[in-house]
Structures are given as structure tokens and as C-alpha cells.
């Protein structure tokens, strides 16, 4: 399975840190945020990666290169301006191929095990178009995003959980998006949910949306803390 790391966001809430450094290259625990993802993907056996970028994207390419230093192969999907989540994925489809692929937001940190996600069976009649990892609601998203009904994600019902930014998708989910245009992911997911074509799981481990300098500092403290016995 191939994986895509979303790294095109401007990082407005991270300013002034992101005025000169793209958000994926901000460091916590002694490493850039995006490197934590790359290393976890490599350990899970997922070594063909696609990274999109826009703001200061050349810095990302210089820092990561072709990925050999991390035991992976990286290809890039540059965007003149950020195309939002679904638009960025649609732009990168020629690099991702025709099989299901994993997508990870570049501005989160999590201990989700990517290995089992590579084995998620997106098959059936009709097959699911997406499989989402949901987490308990953080303080900044108390109402959550989606609920879980058996194996399915639904856009109504309780309790609701927060979409983690980790998911597996079939390329068909993005077939209606014209390459190079902006498009949000949520409307595509909701439409597919109403056809019972999105599955989900709840992750109870560590997850943090690293969206502000305060949360970046929180993550740095977490990663540098001595392990508990």
C-alpha cells in the first residue's frame, strides 16, 4: 500500500513559526513532525510515500529528498496554492495509483499502528470508499465529527468522535474532483456515509492535533518525557 502525507497547509495558527518554516518541518522531540510519520510508516512496511506541499514546499523537498535516509521512497505533489484535503489528494492520484491508499495529516502526532490499516479490506458490493480512524474528542472539538454504527461511520447519532486525519481511501472517492481545483474532504465522506460506504474504527491511544504553538510545545514535552514503567 502507498501512503500520502498531507503537508500543503499554510499553518496560519502556527504563525509566526510558519512564516519561514513549513509546518511539517517544525520540530518536536528533536525531529520534524513529518519525520515522525515517515519513520512510523517505514516501520509498518509502508515505504512508497507521496507528499503534497504548497507553502515553502521547496524546503520540504530539500529536507527529505527522495526518502532514502528513512528507508522509503518519496514522490512529491506540488500545489501552486493549497488545494484543501480532497483537492490535494485528487491532484496526487496519478502518483497514488488505482489501489486503496493510506492518508495521514501532516500536522497530527499519533501512535496509531499503520500496519493493520494497510490490511483494511475495502471490498464488498459495493465496496467501502473509505475507512476512518476516529479518536475521543479533544477540548478544541468537543462535539466531534462522526459517530460509529457497527462497522460504519455515520454523520448523525451519538456518541460522536473526532476524525483523526488518518484514513484509507479508494481512488474512486475523488473521481468527481477536477485536478487542480480546491475541494474539501468532509462533503465527500458524508455523501459516502449516507450510502453506507465508509467504515471506521476508534483509536484509544495517543493523538494530538498539532495546530498551535501551545500544542507543539505540549507534544515536545510528551515526546521528551521519560517512559513510564
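The values are calculated or read from the model by the stated rules, or taken from the named source; none is laboratory data. Since this is a predicted model, take the numbers as computed values, not measurements. All Cβ positions, even for glycine, are placed from backbone atoms using ideal geometry, and neighbour counts span all protein chains on display.
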Among (1) more than 25 Å from residue 96 (Cβ to Cβ); (2) part of a loop (DSSP other than H, G, I, E, B); (3) free of Cβ contacts under 8 Å to residues at least 24 places away in the same chain, where does residue 176 come up short?
(1)
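So that you can scan it fast, the table gives a plain yes or no per residue for (1) outside any loop (DSSP other than H, G, I, E, B); (2) modelled with pLDDT under 95; (3) surrounded by fewer than 18 Cβ atoms within 10 Å (Cβ to Cβ); (4) in contact with a helix residue (DSSP H, G or I) (Cβ under 8 Å, 6 or more places away or on another chain):
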position	(1), (2), (3), (4)
81	no, yes, yes, no
85	yes, no, no, no
89	yes, no, no, yes
102	yes, no, no, yes
134	yes, no, no, no
Look at residue 214 and say whether it is assigned to a helix (DSSP H, G or I), loosely packed, with under 12 Cβ neighbours inside 10 Å, out of contact with any helix residue (DSSP H, G or I) (no Cβ under 9 Å at 6 or more places or on another chain) and free of Cβ contacts under 8 Å to residues at least 40 places away in the same chain.
yes
Subset tally (residues that are outside any strand (DSSP E or B) and closer than 17 Å to residue 31 by Cβ) for region 69-79
4
For residues in region 40-59 being in contact with a strand residue (DSSP E or B) (Cβ under 8 Å, 6 or more places away or on another chain) and in a helix (DSSP H, G or I), which is surrounded by the most Cβ atoms within 10 Å (Cβ to Cβ)?
41
